[in-house]
Amino acid sequence: MSAPTSTPPASGADVGLYGLAVMGQNFALNMASKGFKVVVSNRSPAKVDATVARAKAEGIDTLAGEKSPEDFIRAIAKPRKVILLVMAGKPVDDTIALLSRHMEPGDVMVDGGNEWYHNSVRRSMELLPKQIMFVGMGISGGEEGARNGPSLMPGGPKEAYELLSPILTRCAAQVSGSPCVFNCGTVGSGNYVKMVHNGIEYGDMQLIAEAYNVMRSVVGMSNEDMSARFAEWNKGELKSYLIEITADILKKRDDKTGQGYVVDKIRDCTGMKGTGMWTVKEAASQSVPAPTIAAALDARFLSGRKDERVAASSILKGPSEVPSVSHDQILEDLQAALYAAKICSYAQGLCLIKAASDAEGWGVSLAECCRIWRGGCIIRSGQLDQMRAAFSKDSGLKNLMIDPDFASGLNQRHCQWRRIVTLCIASGIPCPAFCASLNYYDSYRSASSPANLTQAQRDFFGAHTFERNDMEGKHHVAWTQDHHDVGNLDERTAGDTGKK
């Protein structure tokens with residue numbers, strides 16, 4: 001027989017949490033450690049006992065457990081606030097069905113997993129007949145953030161957020177006295193903001209990996225020297241969580257063999273959970289360019305083809321000679337390039353949030369996104385204060401790159417950025433995210449592009465029409481004697497996408 005769980009206070013728990021894997025257990029302990037009465041439950045009773053035991057071991061006396069769904073719901077004070085942290089997809093639907101039968105009108109159910117936003121919208125509609133309010137909430141910060149204070153991105157009814165706010169604002173990460181949480185908008189918006197957060201994270205991680213590769217393969221730095229360089233960068237304009245942990249990772253020695261460093265023993269194949277892929281698909285759906293994030297995703301796909309890459313390495317050739325450049329110059333340029341390219345990753349993600357928010361009517365504040373990402377989450381960085389200021393000053397800012405402060409920073413660094421991309425290409429070192437970011441920058445600042453030829457080709461082979469820069473309306477040309485009149489030009493462009 002399993003050990004008995006403690007009994008919630010007679011007045012009822014402030015909040016219930018169902019799903020006690022790493023994130024769920026840690027978030028439950030976070031809430032309880034802030035003085036809230038928390039009741040937990042799980043499909044596996046053993047995890048309930050383990051969570052209660054851990055709370056006691058940590059001196060927390062406001063957390064209790066229940067084994068049955070009915071007892072779990074009954075233990076929560078009305079209107080009930082239930083947070084789910086289970087695997088995305090069908091397990092969420094199954095858990096909602098399991099718990100909602102015991103819930104009442106006015107109760108709130110929150111899904112805190114990485115979920116496709118359309119699923120949250122669907123679940124909200126399915127719970128409407130029961131008058132149960134549904135919230136989709138992104139949680140960023142990993143195991144440590146969940147326990148000590150994550151960045152929280154809820155999206156749902158205002159009434160639901162008002163009920164949740166006292167708990168969420170206390171349990172979120174705190175930066176300068178400001179909790180890293182806000183109601184992103186109606187249902188689906190929170191999931192979307194978290195999805196794009198993860199897409200930006202993909203871009204940021206890939207850029208750091210490419211900087212590491214330049215240090216290792218071109219400059220020839222040792223792990224200790226690379227670690228020291230990243231630690232130095234973390235004291236300045238590149239200060240961020242990902243730069244900080246990179247410094248720690250590079251200097252970690254291998255405990256298992258006693259020789260070398262852990263990072264050098266890790267197979268160069270990057271896993272993924274799917275949010276980066278969702279971001280790239282959404283960018284295409286919204287006609288928003290996101291080349292840095294897409295390049296990062298492609299790099300992960302290529303990393304998984306390890307056997308193919310090993311075989312190709314003996315067949316396909318690269319440069320036989322590489323440029324001779326001062327190592328100090330490379331490192332100085334690399335810092336500037338990393339700063340500039342990271343801005344592009346954020347710019348692309350924020351443009352995507354804005355496009356979806358406009359399309360869905362969410363009203364997501366980009367300034368608030370930047371504010372809550374300053375603490376607790378994986379992409380937290382020193383640059384987010386400046387980003388927040390940019391969107392606070394101009395809520396209609398079309399792109400982060402054209403904010404006067406960021407534009408000045410990019411203008412000062414673009415030559416160094418170009419030198420790094422050129423060095424990588426000349427050395428045969430892949431730099432897909434650095435290169436994609438620079439192409440994004442150059443494309444965005446181009447008043448004239450070669451797209452006129454592309455549109456002419458479309459008109460030539462498909463009579464897709466074109467716009468002229470010297471007169472209004474849609475136009476078509478009989479490019480050769482084989483081309484004929486195509487009739488109503490409006491019908492030719494029906495269904496076109498991509499113009500903003």
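The values are calculated or read from the model by the stated rules, or taken from the named source; none is laboratory data. If you're wondering where the values come from, they're calculated on a predicted model, not measured in any experiment. A quick note on method: Cβ atoms are made from the backbone with ideal geometry, for glycine too, and the neighbour counts reach across all protein chains shown. Heavy atoms of the whole protein, side chains included, go into the accessibility calculation; ligands, DNA and RNA do not. Shrake-Rupley method; radii C 1.70, N 1.55, O 1.52, S 1.80 Å.
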Inter-label distance for Lys158 and Ala21, nm, one decimal - labels placed 7 Å from Cα along Cα-to-Cβ: 3.5 nm
Accessible-area ranking of Thr186, Thr246, Thr292, largest first, probe 1.4 Å: Thr186, Thr246, Thr292
Convex hull volume of the stretch 112-239 per residue (C-alpha atoms, cubic angstrom): 125 Å³
Inverse mean reciprocal Cα-Cα distance (Kirkwood Rh) of the stretch 24-85, Å: 11.6 Å
In Å², nearest 10: area of Asp385 left accessible to a 1.4 Å probe: 80 Å²
Structure-derived log10 I(q)/I(0) by the Debye sum over Cα atoms at q = 0.05, 0.07, 0.11 Å⁻¹: which label, when the choices are (i) -0.21, -0.42, -1.07; (ii) -0.24, -0.46, -1.01; (iii) -0.20, -0.40, -0.94: (ii)
Calculated P(r) of the stretch 141-216 - Cα pairs past 14 Å, %: 68 percent
At 0.692 mPa s and 37 °C, Stokes diffusion of the stretch 314-431 via Kirkwood alpha-carbon radius, µm² per second: 201 µm²/s
Debye intensity ratio in log₁₀ form over the Cα atoms of the stretch 229-371, taken at each q of 0.12, 0.17, 0.19 Å⁻¹: -0.78, -1.31, -1.37
Cα gyration tensor of the stretch 358-500 - equivalent ellipsoid semi-axes, whole Å, descending: 39, 24, 14
Listed peptides 331-337, 14-20 by packing density, highest first (mean Cβ within 10 Å): 14-20, 331-337
Dimensions (Å) - the stretch 343-386, Cα atoms, principal axes, largest first: 30, 19, 18
Lysines with Cα under 22 Å of Lys239, excluding same-chain neighbours fewer than 8 positions away: Lys194, Lys251, Lys252, Lys342
Within the chain, helix-based [θ] at 222 nm, where runs of 4 or more DSSP H residues each add -39,500 (n - 2.57), nearest 500: -16000 deg cm²/dmol
By accessible area with a 1.4 Å probe, ligands and nucleic acids excluded, highest first: order of Trp373, Trp479: Trp479, Trp373
Cysteines without a disulfide-compatible partner [the chain; Cβ-Cβ under 4.7 Å]: Cys171, Cys180, Cys184, Cys269, Cys344, Cys351, Cys369, Cys370, Cys377, Cys415, Cys435
Using θ = phi - 60° and Karplus 6.51 cos²θ - 1.76 cosθ + 1.60, couplings along the stretch 408-421 (whole Hz; Gly, Pro as x): 4, x, 5, 5, 6, 10, 5, 5, 5, 4, 5, 5, 5, 4
Those aspartates and glutamates that a straight Cα-Cα span of less than 20 Å connects to Lys474, excepting residues fewer than 8 apart in one chain: Asp459, Asp485, Asp490, Glu491, Asp496
Per-bin percent of Cα-Cα distances, the stretch 191-287 [10 Å]: 14, 38, 30, 16, 2, 0
Spatial separation of Cα centroids for the stretch 11-60 and the stretch 230-290, in angstrom: 30 Å
Cα Rg, Dmax, the stretch 298-337, angstrom units: 15.1, 35
Extension reserve of the Asp94-Glu126 stretch, reckoned as 0.36 nm per residue once the Cα distance is removed: 10.2 nm
